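Student: Starting off with a structure, shown below.
What follows is calculated from the coordinates using simple rules that are stated; it is not laboratory data. Owing to the predicted nature of the structure, the values given are computational and were not obtained by experimental measurement. Positions of Cβ are backbone-derived with ideal geometry, glycine not excepted, and every protein chain shown enters the neighbour counts.
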Amino acid sequence: MIRPIFETPLPSETTKKADIQPINPDKGKEISIPNKLTRAPKSTSLKNLIKEPDVVSQANLSPKSKLATPFNEEDLVQYWDEFAESLAEKAHLKNTMINCKPVLGENFKFEVKVHNPAQQEALISNSLDLLKLLRTRLINDQVQMVVRIDENTEQKPVYTSTEKFEFLNNINPLLSKLIDEFNLSID
C-alpha cells in the first residue's frame, strides 16, 4: 500500500493557528494538517505489494480441532475398499488397493506393503485424497499412512526360456511331467 509522506513539524516547533484548518466547521472540531505536503514517490516497490501468507501455528488450534476417535482394522479396510471402488479411471491404483490391504499399527498409523515401486508411487501420489477420505470417515485427524515395498514379493525378472521354465515349474511341478510325457524341448 502506498501512503503519502507528510512533513510534520518537529516537537520543538509549535503549530501556528494559521496552519490549522477546520475540517467540519459545523461541529467546531479542528484537526492539525500541515500546509506543506510532499507527494508520494512515483515508483512502487514489488516487495510492498507482496503479502506474506498468514501462518497458523499449531498452538493456536483448539483441542477440539484434533479428532482422535479410535477405530479398528476392519473399519480401515472397509473405507480403503470404498475409496478403491470410486477409482474408475485409475485402474492401476484401483488394482493396487484391492491387492494390497492396509495393516493397522499403533498411534493411528497404518502400513501398506506393495509389490513394486510403481505401486508405491501410485499410492503416494494419491495419498492426499485417500487420507482425506479416511480421516473424515474414521473421524480421526491423526491417521497416517506408510507405504513400503515388500521385499519377499519383489522378484527378479525372467528373460530366457530356461528361466521361464524354472519359474513356471516352481509354481506347478506337473509342468516337468508334461514335458517328459510329450517329449518337448526347451529352447
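Student: Which residue is nearest to the chain's Cα centre (by Cα), if the candidates are limited to segment 144-183 and must be surrounded by 10 or more Cβ atoms within 10 Å (Cβ to Cβ) and in a loop (DSSP other than H, G, I, E, B)?
Tutor: Asp150
Student: Every residue in segment 116-172 that is of a type in the set (Lys, Arg) and within 20 Å of Asp81 (Cα to Cα), please.
Tutor: Selection gives Lys132, Arg135, Arg137, Arg148.
Student: Restricting attention to segment 142-177, which residues are touching a Leu at 6+ places or on another chain (Cβ under 8 Å), more than 15 Å from Leu104 (Cα to Cα) and touching a residue at least 12 places away in the same chain (Cβ under 8 Å)?
Tutor: Once the filter is applied, which keeps residues that are touching a Leu at 6+ places or on another chain (Cβ under 8 Å), more than 15 Å from Leu104 (Cα to Cα) and touching a residue at least 12 places away in the same chain (Cβ under 8 Å), segment 142-177 yields only Phe165.
Student: Quickly run through segment 89-111 and pick out the residues that are among the aliphatic types (A, V, I, L, M) and within 23 Å of Leu67 (Cα to Cα). Reasoning before the result, please.
Tutor: If we filter segment 89-111 for residues that are among the aliphatic types (A, V, I, L, M), which is where we start, we get 91, 93, 97-98, 103-104.
Residues satisfying the conditions are Val103, Leu104.
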